[in-house]
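Input: a single structure, listed below in structure tokens.
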Amino acid sequence: MASSQPGAPALPTGTVTFVFTDIEGSTRLLSQLGDDYQAALEAHADILRTAIAGNRGVEVNTEGDAFFAAFESAPDAVAAVAAAQRSLAGHDWPSGVTVRVRMGAHSGEGLLGVDDYIGMDVHRAARIASAAHGGQVIVSEATRTLLPNDIELLDLGAHELKDLDAPERLFQLVIEGLPGDFPPPRARRRGNLPEPATTFIGRETALTELEELLQDARLVTITGPGGMGKSRLSLQVAREVESAMADGAWFVPLDTLREPDLLPAAIASALGLSPGEEEPMPMLRDHFADRTLLLVLDNLEQISTAGTIVDELMAASPGLRVLATSQSPLGLYGEHEYPVPPLRAPAAG
């Protein structure tokens, strides 16, 4: 591994934003370019070094086509990767190829070893970069909190990264003028539960009972009239049991869906799957087949054939559990109905 050049700026300490990059499909590029590959590699390195130095970053080291840089400022780090991606996209590469570079950033403690950084934050940054696709920049939750509001980010949800114990919430940097439509990150996603708009109060008994019910039952339907708080309760239950599901908990809002045939596509969309020309049901069966997860289907009463679709998915997916909300039960074998109780009046005082 090659270190920074002699005379380079000192490595920053304290809270540091680490950036890792590498070329996507470098072996394929070598095969395509042959003798021109070295020139392309050098042009790529020049572009990255210009962007890093031009935004007050420090090149920590390189290995092959991979770069590791550090920044005292998270906005500087984001400005550097955005500048690099624009320059890479606008460069005239030989033989008509496109050099696509994946990039990742994470902010953490800048602990110095002998001549390099040490600690889990460095490894986390490297894993975040490896989850990106060529041309994409992914940043961590820690970096997001250090960025101004005018930097646009897409929430990609929580994902499991290799060798890291806890899921990491990932965000994609939106770079004006560059493509932003990428496949899901190259990591296992743990769910898409939305942040609740209200504090959860008053249904602690129902919450406990539903958690216990889902330990044994694969299909639980919370029933009750509209406006009873079924959706809020189902979301809280999902948050409580999410950690017990190897592949997380997924929320599918169906309040605006009226066409039954669109239910599989709505589920696929919530899971971040892109069917393309493929029918969504076969894709969902394949996706669920070897996964253990909770699927929250909210407002199912509006879809007349929902029971048939849920039954088919569960039959093909032994690790799938479904928590549904509806004004009436689905009528499926093995379904456990849970009528939502009314909220009690608060105690005096």
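Quick rundown of the values:
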read-out	value
log10 of Debye I(q)/I(0), alpha-carbon scatterers only, for segment 131-177 at 0.20, 0.21, 0.30, 0.32 Å⁻¹	-0.68, -0.74, -1.22, -1.29
Potential extension, Asp35-Glu212 segment - 0.36 nm per residue separation minus Cα distance	57.3 nm
Whole-number accessible area per residue in Å² for the chain, which is evaluated in the context of all protein chains at 1.4 Å	50
Net dipole in debye of the chain [+1 Lys, Arg Cβ; -1 Asp, Glu Cβ; about Cα centre; nearest 20]	480
Share of Cα-Cα pairs in segment 1-95 lying beyond 21 Å, as whole percent	33
Amide proton proximity set for Arg188, modelled H, under 5 Å, gap of 5+	Glu160
FRET efficiency for His336 and Glu312, using Cβ-Cβ distance with R0 set to 22 Å, rounded to 0.05	0.70
Where a label projected 7 Å from the Cα of Glu42 along Cα→Cβ would reach, residues of segment 92-106 with amide N under 20 Å	92-100
Exposure ranking of Val174, Val241 by accessible area [1.4 Å probe, largest first]	Val174, Val241
Burial ranking of peptide ranges 203-213, 55-65 (average Cβ count within 10 Å, highest at the top)	55-65, 203-213
Convex hull (Cα only) mean projected area of segment 12-168, reported in nm² to one decimal	9.4
Computed magnitude of the charge dipole of segment 2-122 (debye, nearest 20; Cβ of K, R +1, Cβ of D, E -1)	320
For the chain, average projected area of the Cα convex hull in nm²	22.2
At q = 0.08, 0.11, 0.17 Å⁻¹, base-10 log of I(q)/I(0) for segment 181-331 (Debye sum, equal scatterers on each alpha carbon)	-0.21, -0.40, -0.99
Pairwise FRET efficiency - Glu109 versus Ser87, Cβ, R0 = 25 Å, nearest 0.05	0.25
Two-site FRET efficiency, Ile151 against Ile118, from Cβ-Cβ distance with R₀ of 30 Å, rounded to 0.05	0.55
Difference of contour (0.36 nm per residue) and Cα-Cα distance, Arg258 to Gln302	15.2 nm
Viscosity 0.692 mPa s, temperature 37 °C, Stokes-Einstein D of segment 85-159 from Kirkwood C-alpha radius, µm²/s	229
For the chain, calculated [θ]222 nm from helices alone, where every DSSP H run of n ≥ 4 adds -39500 (n - 2.57)	-10000 deg cm²/dmol
Spin-label pair His133/Arg28, simplified geometry with 7 Å Cα→Cβ offset, distance in nm	1.2
Values of log10 I(q)/I(0), in the order q = 0.11, 0.21 Å⁻¹, for segment 137-231 under a Debye, Cα-only, solvent-free model	-0.55, -1.10
Simple spin-label estimate for Arg56 and Phe200 in nanometres, 7 Å along Cα-Cβ	4.2
Stretchable slack from Arg291 to Val97, in nm (0.36 nm times residue separation minus alpha-carbon distance)	66.1 nm
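The values are calculated or read from the model by the stated rules, or taken from the named source; none is laboratory data. Values in this document were obtained by computation on a predicted structure and should not be read as measured data. Because the Cβ atoms are built from the backbone with ideal geometry, glycine has one as well, and the counts that use them run over all protein chains shown. Each accessible area value is taken on the protein alone, full model and side chains, heavy atoms only, with ligands, DNA and RNA left out. Shrake-Rupley method; radii C 1.70, N 1.55, O 1.52, S 1.80 Å.
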